[in-house]
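Have a look at the structure below, then the notes.
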Amino acid sequence: MSRRCELTGKGPMTGNNVSHAKNRTRRRFLPNLQDVTLASETLGRSFKFRISNAALRTVDHRGGLDGFFAKSKDVELSDAALKVKKEIAKAQA
């Protein structure tokens, strides 16, 4: 399972551990991923996603899963999320 957010595409970043003596060793900063179930009001169903906490806050801010997908870009979404977005758009039309 990749360490990538399904809604925002946020993934691992790299940087340095810096000791008191300024010795630098490489490290990874991993996104804070959570397994969540989000409900779509339009479809009347719920979907499981593995998303970052920042994405979860964005979904709440935009008024739920339907509002998030209305403003999201297709490039950032995973295949499963893109499929759900198209279903929601089809149901709203």
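Every read-out reported here was derived from the displayed coordinates using simple, explicitly stated rules and does not represent laboratory data. No experiment lies behind these values; they were computed from the predicted model shown. Positions of Cβ are backbone-derived with ideal geometry, glycine not excepted, and every protein chain shown enters the neighbour counts.
Residues satisfying the criterion are present in the range 67-77 (criterion: among the small types (Gly, Ala, Ser), under 18 Å from Gly9 (Cα atoms) and without any contact (Cβ under 8 Å) to a residue 40 or more places away in the chain).
When the residues of the range 6-51 are filtered to those that are in contact with a Ser or Thr (Cβ under 6 Å, 6 or more places away or on another chain) and polar (S, T, N, Q), the one that is farthest from Ala80 (Cα to Cα) is Asn17.
All of Ser78, Ser52, Ser46, Ser40 fail the test of being small (Gly, Ala, Ser) and touching a Pro at 6+ places or on another chain (Cβ under 8 Å), apart from Ser52. For beta carbons closer than 6 Å, sequence separation of 6+ or different chains, a first residue in the range 2-26 that is touching a residue at least 60 places away in the same chain (Cβ under 8 Å) and a second that is in a loop (DSSP other than H, G, I, E, B), the qualifying pairs are Arg4/Gly11; Glu6/Ser78; Thr8/Glu76; Gly9/Glu76.
Taking the residues in the range 46-76 that are closer than 13 Å to Val36 by Cβ and among the polar types (S, T, N, Q) as candidates, determine which candidate is surrounded by the most Cβ atoms within 10 Å (Cβ to Cβ).
Out of the qualifying residues, it is Ser52.
Scanning the range 1-35 for residues that are of a type in the set (Lys, Arg) and either over 30 Å from Arg62 (Cβ atoms) or not in a loop (DSSP other than H, G, I, E, B) (or both) yields Lys22, Arg24, Arg26, Arg27, Arg28.
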